[in-house]
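Enquirer: I'd like to ask you about the structure that follows.
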Amino acid sequence: MMQMQMQISSTLPAHNFHLVQAKCGNFKCQQSPLNPSIKPTSASMTQSLKPVTSTEFTKKHLANLEKLIQKQSTPEPNQPELVQPVHRVSNGNDNRSTLANKGKALLEGLNLGRMWSEMRAAEEMSPRHLNRLQRLLSKTAEYSPRNNLASRWREYHGSNNWAGLLDPLDENLRREVVRYGEFVQAAYHAFHSNPTMSTEEVPLPRHVALPDRSYKVTKSLYATSSVGLPKWVDDVAPDLGWMTQRSSWVGYVAVCDDKREIQRMGRRDIVIALRGTSTCLEWAENMRAHLVDMPGNHDSVHGQPKVECGFLSLYKTSGAHVPSLAESVAEEIRRLMEQYKGETLSITVTGHSLGAALAVLVADDLSTQAKDMPPVAVFSFGGPKVGNRGFANQINAKNVKVLRIVNNQDVITKVPGLPMVEELNDDLPLAYSHVGIELRVDTKMSPYLKPNADVACCHDLEAYLHLVDGFLASNCPFRANAKRSLVKLLNDQGSNVKKLYTTKAHALSLNLDRQGFSPSGCLPSPSQ
């Protein structure tokens, strides 16, 4: 025993030796009662005590104890020190002093400073945590559930004017709206990848990368301006090129060609997708905002239909080597109806900005092409007013269904025309009226976009799809389980995304190129 005490004294500091010496006599090793394989016999306890009383084992444990005591008494060099309140305790009250020291040790152990900073960081990544932002920034395109629409496809196509589906927004309708918006994005991409058209020969068929592989493109569509720029413009600015051409590729016709998708949707769907304004002459046509009479005979009961002069020009004018947009669409739809005669068909016209206005004109024309015409519906994004009240009445009489997706902050949806002119007199030059049913979203509802986002962002198609994907109802916040990736929104409208999310996106060191959304491959904003 004396030998063991000498070894202990060589291991522990002198001021701690009396503590060990006082308790060495009571030092025992007990077997765990939780181990069912060991029976507490006296022989086994005698055997188990032998290694515990060995000199090497005791030295090892006591050395570890010394290190532990020194570690607790010395603060970590990298540990931030918290400023603790000073406890003023009288010398005559040892109990209060001991209690204060224990409370101080407890606060130090909790490390509240570090915990508070982590809570604040998590709270800054509202509406969820950082991993949610990383998911939205790194994921590829994802749709809402692909539910079977066969029994209700006419309702989703507007047969009841989308009654009961808009506020709150039905999840199946949300998916359909976003899907048709991506058809328009494909039109933008196809045009900007090769905008130039030859003035000397018929253009070749254009490749379009469709977002939905169950569809195939059957026809390219062109819009031609009835006005042109003076010849001296080409001499002064020869680099303008495609910006000054009169005819331009404006969209396409595609038809669903997948049996499973046809069965899921309950019909074979024909899509007509039209892009927005992109060339100088298209902008010039947009400025021709006075109303003109629509050609042809019309029912006087609904009033004389009138439409914007520039929109009608782009729709009806033929080019040097291409037919007018009106002729191309009518011819292709008649061909497809003959090819798929006997099948259940639907015609969906979708467009953004100028394309939304042209989509309404296309639908109005198609509705009277044949007696057995399939149901015609329009899904328009950020569309301006197209005509007067007589034109809107004509659309309703022809049973053409129009769903206008409108951003409350988008000024393009409020023009042309003056707000009060329509109420005063339908015959005035600027007495415009909207058509169809409205699905209204708002930039301010997005937790990612700045509330004061600029005009270009509020009119941008990707921003529209972002808002639709997050829309639940007019009285509800942005939905927490929104599925659309933020990569394209950051690329197209990075200056209008809240700084918190742009900085966090850079901090995540995401390789955006590997997602297929490099700046060169992004769908350009129609305002650019």
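The values are calculated or read from the model by the stated rules, or taken from the named source; none is laboratory data. Quantities reported herein were computed from a predicted structural model and do not represent experimental measurements. Cβ sites come from the backbone with ideal geometry, for glycine too, and all protein chains shown count toward neighbours. Note: areas computed on protein heavy atoms with side chains; ligands, DNA, RNA excluded. Shrake-Rupley method; radii C 1.70, N 1.55, O 1.52, S 1.80 Å.
Enquirer: Under 8 Å between Cβ atoms, which residue pairs at least 6 apart in sequence (or on different chains) link something in segment 437-452 that is more than 30 Å from ASN399 (Cβ to Cβ) with a partner that is basic (Lys, Arg) and open to solvent by 60 Å² or more (accessible area, probe 1.4 Å)?
Expert: Correct list of pairs: PRO447/LYS498; TYR448/LYS498; LEU449/LYS498; LYS450/LYS498; PRO451/LYS444.
Enquirer: Just to be sure, is ARG404 modelled with pLDDT of 95 or more and open to solvent by less than 50 Å² (accessible area, probe 1.4 Å)?
Expert: Taking the combined requirement at face value, the residue satisfies it.
Enquirer: Restricting the first residue to segment 149-172 and requiring it to be within 22 Å of ASP442 (Cβ to Cβ) and free of Cβ contacts under 8 Å to residues at least 60 places away in the same chain, which pairs with a second residue that is surrounded by 15 or more Cβ atoms within 10 Å (Cβ to Cβ) and polar (S, T, N, Q) meet a Cβ separation below 6 Å and a spacing of at least six or different chains?
Expert: Final answer for the pair search is GLU171/SER144.
Enquirer: Being modelled with pLDDT of 90 or more, small (Gly, Ala, Ser), part of a loop (DSSP other than H, G, I, E, B) and open to solvent by 30 Å² or more (accessible area, probe 1.4 Å) is true for just one of SER151, SER126, SER198. Which residue is that?
Expert: SER151
Enquirer: Considering each of TYR222, TYR188 in turn, give the residue that is open to solvent by 10 Å² or more (accessible area, probe 1.4 Å), touching a strand residue (DSSP E or B) at 6+ places or on another chain (Cβ under 9 Å) and modelled with pLDDT of 95 or more.
Expert: Answer to the check: TYR222.
Enquirer: Would you confirm whether or not segment 479-487 contains a residue that is among the aliphatic types (A, V, I, L, M), outside any helix (DSSP H, G or I) and either at pLDDT 90 or above or within 15 Å of ASN407 (Cα to Cα) (or both)?
Expert: no
Enquirer: Moving on. State yes or no: is VAL441 modelled with pLDDT of 95 or more and open to solvent by less than 20 Å² (accessible area, probe 1.4 Å)?
Expert: Yes: the conditions hold for VAL441.
Enquirer: Looking at the structure I just gave you, is VAL349 in contact (Cβ under 8 Å) with a residue 40 or more places away in the chain, buried (at least 16 other Cβ atoms within 10 Å of the Cβ), of a type in the set (Val, Ile, Thr) and under 23 Å from ARG206 (Cα atoms)?
Expert: Yes: the conditions hold for VAL349.
Enquirer: Name every residue in segment 370-392 that is over 24 Å from ASN160 (Cβ atoms) and in a loop (DSSP other than H, G, I, E, B), in order of residue number.
Expert: GLY382, PRO384, LYS385, ASN388, listed by residue number.
Enquirer: Among the listed residues ILE395, ILE405, ILE347, identify the single one that is within 27 Å of GLN304 (Cα to Cα) and assigned to a helix (DSSP H, G or I).
Expert: ILE395
Enquirer: Scan (1) modelled with pLDDT of 95 or more; (2) in contact with a Cys (Cβ under 9 Å, 6 or more places away or on another chain) for the single condition VAL253 breaks and write down its number.
Expert: (2) is the only condition that VAL253 fails.
Enquirer: Another question about this same structure. Considering only segment 428-435, I want to know if a residue exists there that is under 17 Å from GLN304 (Cβ atoms), modelled with pLDDT under 95, of a type outside the set (A, V, I, L, M) and open to solvent by less than 30 Å² (accessible area, probe 1.4 Å).
Expert: yes
Enquirer: Could you grab me the full set of residues in segment 354-369 that are part of a loop (DSSP other than H, G, I, E, B) and open to solvent by less than 30 Å² (accessible area, probe 1.4 Å)?
Expert: The answer is SER367, and nothing else.
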